[in-house]
Amino acid sequence: MESPARVPIRSDADVVLARAQGRLLAAELGFSSTDATVIATAVSEVARNIVQHAGRGELQFDTVRDRDRVGIRITARDNGPGISDIDEALRPGYSTASSLGLGLPGAKRLMDEFEIHSELGQGTQVTMTKWGS
């Protein structure tokens, strides 16, 4: 695994920076423009959740390798209120923020691997990976 890039998330402007970092890493690793857009979209969703629900956090971008495959692993962390019901939060259409409820379910659908861990009062960590072809 190569050294990670980290993007602090505190505002909508940081969401834009994180999205750009996802696209840049995808391009450097030879992902198609379609996959780069998919990665950037998933990054946007988890970064917006940090701004909206926790106020601050960070995204870490890592290059991962498995045999002859290369991938991008994005880890989103915050110290926010946590998620009381992860299964409900992953249900399309569910929202606690009067939004469309596409954030976490959308990111999960777009990426090849997706894990979420959350503790009430401690925060949330989302880890998602997209593998290149």
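The values are calculated or read from the model by the stated rules, or taken from the named source; none is laboratory data. As the structure is a computational prediction, the values presented were derived from the model and not from experiment. Every residue, glycine as well, gets a Cβ built from its backbone with ideal geometry; the counts of neighbours run over all protein chains shown.
Residue count for the stretch 120-133 satisfying the condition of being assigned to a loop (DSSP other than H, G, I, E, B) and at pLDDT 90 or above: 4.
Can you confirm whether ALA26 is surrounded by 14 or more Cβ atoms within 10 Å (Cβ to Cβ), of a type in the set (Gly, Ala, Ser), over 22 Å from HIS117 (Cα atoms) and touching a residue at least 40 places away in the same chain (Cβ under 8 Å)? For ALA26, the condition - surrounded by 14 or more Cβ atoms within 10 Å (Cβ to Cβ), of a type in the set (Gly, Ala, Ser), over 22 Å from HIS117 (Cα atoms) and touching a residue at least 40 places away in the same chain (Cβ under 8 Å) - is met. Across the stretch 102-119, the qualifying residues are those that are in a loop (DSSP other than H, G, I, E, B) and modelled with pLDDT of 95 or more, and the one among them that is nearest to GLY57 (Cα to Cα) is MET111. For ALA54, the requirement of being crowded, with 16+ Cβ neighbours inside 10 Å, without any contact (Cβ under 8 Å) to a residue 24 or more places away in the chain and under 22 Å from ARG6 (Cβ atoms) is not met. Under the condition of being touching a helix residue (DSSP H, G or I) at 6+ places or on another chain (Cβ under 9 Å) and either among the β-branched types (Val, Ile, Thr) or not in a helix (DSSP H, G or I) (or both), the residues counted in the stretch 7-50 number 16. Checked against the criterion of being modelled with pLDDT under 95, under 28 Å from SER133 (Cβ atoms) and assigned to a loop (DSSP other than H, G, I, E, B), the stretch 90-101 has at least one qualifying residue.
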